[in-house]
Each structure stands twice: as C-alpha cells, then as structure tokens.
Amino acid sequence: MRRIAQVRQRHGIDRVIAHLQACLRAGDPLPDLEALAAIAHQSPFHFHRLYRALTGETPGRTVARLRLLQALQLLGQADSRVTEVALNVGYESPQALARACRQALDTTPSSLRENAGLRSHWQQRLALPAGDHADGTVPLQVTVTTLDPFDVVALRTQGAFDDLDQAFGEIFTWAAEQGWVEQLQQLIGIARTDHRDAPAQECVFDCAMGFGCTPQALPTPLRALTLGGGSYAVLRHVGSYAGLEAATDALLRDWLPDSGHTLRDAELYYHYLDDPEQVPDAILRADICVPVG
C-alpha cells in the first residue's frame, strides 16, 4: 500500500483529501469536482475517474468517510453526547449519524462511544481510503498504440447498466432501416457515470455503433461522435462487461503511474468485441481504450 500512497501524492489526490478534511473541520462549503481537480493540478476531464481508481471511492464517499471518522474522534472524548457530535460534524440529526454508523460500521454511536477497542478499530479503517484495503494486484498487459479517428452513431441512455442492450437495439434498428447493418464495424460504450457508485436510475451511458462512414442528418436522439485519433493505452478485458470499470481502475492505478504516459483530454471508451447474448459472461472480450500522451 506504500506505492498507492506515493501514487496518490504524486497525482495530488492527497491534497484533495486534506482539503476536504479541512472543509469538514471548519464547516466550510465543499468544493465541486472542477475545484477539486484544480487542487490536484489535474485536468477535470478525467479527474473523477482517476480519483476513483487511486482511492477506491468517489469524492462524495471520501467526505462521508471523513465525516464519520471525525464523529468517532469526538465520541472518544469524555462526556461526549451523540446529539452534539452528530450536529458538530455536519449530520442533520443524531438519527442521521446512527444510520451512517449502522450502514458503514454495523454498530451504533452509543456502542462506539462506550467501546474504545471498537472505536479504535474503525478509526484505523476509516483513516485510509477504501482502496487501501484491497488485496493485491493482477499483472496487466497494456498496449500503447495509435488509433485512427472513427465516427459512431451514439444514443445516450439513463438507467440500469444491465438494460443497455435496449439502447444498442434502437441504434441497430435505425441502422437496419438505412441498410447499414452489414457495415457494422464497432460496438462502443462510454460510461458517463460509474454504475458502481450511482443508483441505477441515475446511471448515464453512451451506447454507440460504428459503420465505417460518416452519418448524416441523424434523427433525434441519435447523434454523431468521433472517437480515436491519437495515442491510446489498450487493455483487453475478459469477463463480464460489468467488470470493465474495475479493470479501468486497475489500469489507471497499477499501470499508468509508472508508464511514462499521462492522460489526454479525450474520450475513454470501451470497444466491445463479443455479443453478451451469444457469448458466456466468463469469456466476453472488450478493449478498454484510454487516451494517453
């Protein structure tokens, strides 16, 4: 874990965490993602994804973790009162603190106040980002290559990750009407939110298909996107497509820091190579294409 801490420090992530902690202690407003990216001296284009990869949590979950850690520290003080602790660290009520303790620690504020050993255990756990508690890493085979630009027909969808096939089906139906189905060359996905962190109804994803030609006058809500063009780090993922986000985290966390490359402000996308309706989950293939310079 020493290497991960060094990588976080190198990328300015520790500065962000320290700033969030200072805001909580002072009761100041929390900065938005663009401001956090500036604190880290990172481009806002990939900041959220890089932060997630290097910490194992979103900035919002970091705030929740640090707020709970602050509550535990106050609960350890003599004559501490649960209501005062809750309000002092920014919970709306003692019930809100109780819910946070129950969901994250499977215990109650009163138990934490009375049991120094239990409190110390959770203070040690909460002092570090969630990613520091992961077990080991898997060697990655990443290829850096130059990809030519290509055009795709995209459809933005919002909803459960498992329902993306409906959006791909709509693009396919349109392509069939145009007589383009036989020209299908790429099946592409661009995650606008991380389905691991957002409720299903809030997940936003761009489904796209490439046909080897530039689409003209697309009907709403279809739109044209140009992807590729430049240097990309490509990692072949084998397994359920639901694991693509975790594999991307591994690339950003375990390969990128020592690769000599940096992230470019361009789309990170997934190139699906198999049809989940025809190929078992365990052997599905997709290329994770990360723009690098």
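The values are calculated or read from the model by the stated rules, or taken from the named source; none is laboratory data. This structure is a prediction, so every number in the text was calculated from the model and none was measured. Here Cβ is always computed from backbone atoms with ideal geometry, including for glycine, and neighbour counts include all displayed protein chains. To get the accessible areas, we keep the full protein, side chains included, count just its heavy atoms, and leave off ligands, DNA and RNA. Shrake-Rupley method; radii C 1.70, N 1.55, O 1.52, S 1.80 Å.
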Let me check something: with ligands and nucleic acids excluded, how do LEU128, LEU147 order by accessible area (1.4 Å probe), largest to smallest? LEU128, LEU147
Averaged per residue, what accessible area in Å² does the range 77-150 show with a 1.4 Å probe, protein chains only? 66
Would you mind getting me the FRET efficiency between ASP148 and ILE283? Use the beta-carbon distance for r and R0 = 30 Å, nearest 0.05. 0.60
Out of residues 5 or more away from GLY56 or on other chains, whose amide H comes under 5 Å of its own, with H placed 1.01 Å from N in the peptide plane? GLY131
To the nearest 10 degrees, the tilt of helix 59-75 (Cα long axis) against the first principal axis of the alpha carbons of the chain is 10
Is the chain rounded, prolate or oblate when judged by the Cα gyration tensor, a ≥ b ≥ c being the square roots of its eigenvalues, rounded requiring a/c under 1.5 and prolate requiring a/b larger than b/c? prolate
For the range 214-230, Karplus-derived ³J(HN,Hα) couplings (6.51, -1.76, 1.60; θ = phi - 60°; whole Hz; x for glycine and proline) come out as 8, x, 10, 6, 6, x, 5, x, 5, 8, 9, 10, 10, 10, x, x, x
Return the carbon/sulfur percentage of the accessible area of the chain, one whole number, probe 1.4 Å, all protein chains in place. 49
Contour minus Cα-Cα span, LEU128 to GLN201, at 0.36 nm per residue, comes to 23.3 nm
Residue among LEU284, PRO139, ALA18 farthest towards the positive dipole end of the chain, charges placed on Cβ: ALA18
Calculated FRET efficiency, LEU33 and VAL181, Cβ-Cβ r, R0 35 Å, to nearest 0.05? 0.35
Quick note, the range 149-241: a/c under 1.5 would make it rounded; otherwise a/b > b/c is prolate and the rest oblate (a ≥ b ≥ c, C-alpha gyration tensor); here it is oblate
Per-residue HN-Hα couplings for the range 249-262 [Karplus 6.51, -1.76, 1.60; θ = phi - 60°; Hz; x = Gly/Pro]: 4, 5, 4, 5, 7, 9, 9, 4, x, 9, 7, x, 10, 10
Report, in whole Å, the centroid distance computed from the Cα atoms of the range 181-260 and the range 81-155. 27
